[in-house]
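Before any comments, here is the structure.
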Ligand SMILES: [Zn+2]
């Protein structure tokens, strides 16, 4: 009778063990190695297939990401992220989390489903117009799918009636999906209706400290783009419907960029054309000529003052015990947009290039072809697969084994080049020679370098690989 008192978890465990035995017998059990033959990443064989009937491919990153099975369109302006693309996004999230932590940012999560009354309080229910995804619940109460969260976060802080000046500045951020009903979603992940965004909101005691906070966040943003190895420009911007008096945008210069930027050829001045006088041709700070360049907006910073804190009465108690309105700032980074923009600016026409630190996988091992003269080197490839993360813990989970050994090395190498993994290791006939060598192709945004190295040299080379 004891059997019947067994918990469902135990029954499940018994069942799983049973299944594992069956699978082992059928040789289906997974050995934990990341094998390309097991990966679901449907690569297109013909360019005409990827966009779907009647749909246009509008830029390089969209075409490459569709062709390589990294993304798949769900409906206009929304994409499924396949495994490798999600890995890159998760790495970007970790990198941004690190930089937010470095400036005292505290990660929170606010519901995407946002009450309409919050947006009505600031008038943005109407002024955001048709870009807001509005909906009603069964009680006919208005809601929207939040494209940004100034109202919600200000209400949270306003609810703390005894907030002391000693607790400020407060820096709350989240990395969540945002929604915007774009008139014309396009360029794949660059302009979608559903996207991943990092939004930070800061609360300070005075305009002076709020400006210091603004400067601190701006420096954190510079570190994010520098760590990604991306060339960016920071320009003065029009605060638009977010509001406030001080605002900057971060752009990656690219032909498909939808913003026109005026950049000084001599100093660091730059401005979005929208934010500057119509006929401005010389730099306002040094009088040098301004040049026009197209940019993809990937980040935005705003000093908001008391625009939102005054509506919701988000106040703190100052050193005299008197309530005083918080000085606010808000700061966005388009996470999925940064990913696509990086692919857009770094890639070759037919080969993806990643910022090394967020590449989906860092090392791609190609064992010899089955039935070839060097087939005996197959075991060496599996050994390498095991040794790399043992010797280099930062590469745990970062090594892929292209076990499609029915294919030639050349064919698999071509796939690896298209997918843009930073280090491709070919285990060929040189691996069997007395002076054992492995061929390593190191792909960076600037160049492709080929090395013939011993196992120790290979491990040394990989120890320089930057991960997050
Ligand atoms: Zn200048």
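Note: relative contact order over the chain, using C-alpha pairs below 8 Å and six or more positions apart, is 14 percent. Annotation: the antiparallel percentage among DSSP beta bridges lying fully within segment 361-463 is about 60.
Could you give the length gained on full extension between residue 72 and residue 208, defined as 0.36 nm per residue of separation minus the Cα-Cα distance, in nm?
Roughly 44.3 nm would be gained on extension.
Packing order of peptides 328-334, 433-439, highest average first: 328-334, 433-439 (average count of other Cβ atoms within 10 Å over each peptide's residues). Taken along the Cα-to-beta-carbon direction at a fixed 7 Å, the label points for residue 319 and residue 288 span 4.3 nm.
For segment 361-463, the square roots of the Cα gyration tensor eigenvalues, ordered a ≥ b ≥ c, give a/c below 1.5, which places it in the rounded category. Got a sec? Which residues in segment 264-290 would a label at residue 215 touch, if it sits 7 Å along Cα→Cβ and we count backbone N under 18 Å? Flagged as within label range: 268-269.
The C-alpha atoms of the chain define a longest principal axis, and helix 409-419 lies at about 0 degrees to it. Inter-label distance, residue 273 to residue 90: 4.1 nm, where each label sits 7 Å from its Cα along the C-beta direction. When each of the peptides 210-223, 192-205 is scored by the mean number of other C-beta atoms lying within 10 Å of its residues, the order from highest to lowest reads 192-205, 210-223. Just so you know, the averaged projected area of the alpha carbon convex hull for segment 237-308 sits at 5.2 nm². For segment 204-258, the relative contact order is 26 percent, taking Cα pairs closer than 8 Å that sit 6 or more residues apart in sequence and dividing their mean separation by the residue count. Between residue 164 and residue 102, the FRET efficiency estimated from the beta carbon spacing at R0 = 25 angstrom works out to 0.55. Over all Cα atoms in segment 84-345, the spread is summed up by Rg and Dmax: 18.7, 60 Å.
Helix 378-391 and the long axis of the chain differ in direction by around 40°, with both axes built from C-alpha atoms.
Between residue 138 and residue 408, the simple label model (points 7 Å from Cα in the Cβ direction) yields a spacing of 6.4 nm.
Oblate is the label for segment 126-242. Its Cα gyration tensor axes, ordered a ≥ b ≥ c, give a/c of at least 1.5 and b/c at or above a/b.
Within the chain, antiparallel bridges make up roughly 85 percent of the DSSP beta bridges whose residues both belong there. Relative to the dominant Cα principal axis of the chain, helix 8-26 is inclined by about 40°. Using C-alpha pairs under 8 Å with a sequence gap of at least 6, the mean separation divided by the residue count of segment 179-296 gives a relative contact order of 19 percent. Rounded, prolate or oblate, given the Cα gyration tensor of the chain, with a/c below 1.5 counting as rounded? Prolate shape, in that a/c is at least 1.5 and a/b is the bigger ratio.
Quick note: the coordinates plus some simple rules give every number you see, no bench work behind them. Bear in mind that the values here come from a model prediction, so they are computed numbers and not experimental data. As a convention, Cβ positions derive from the backbone with ideal geometry for all residues, glycine included, and neighbour counts pool all protein chains shown.
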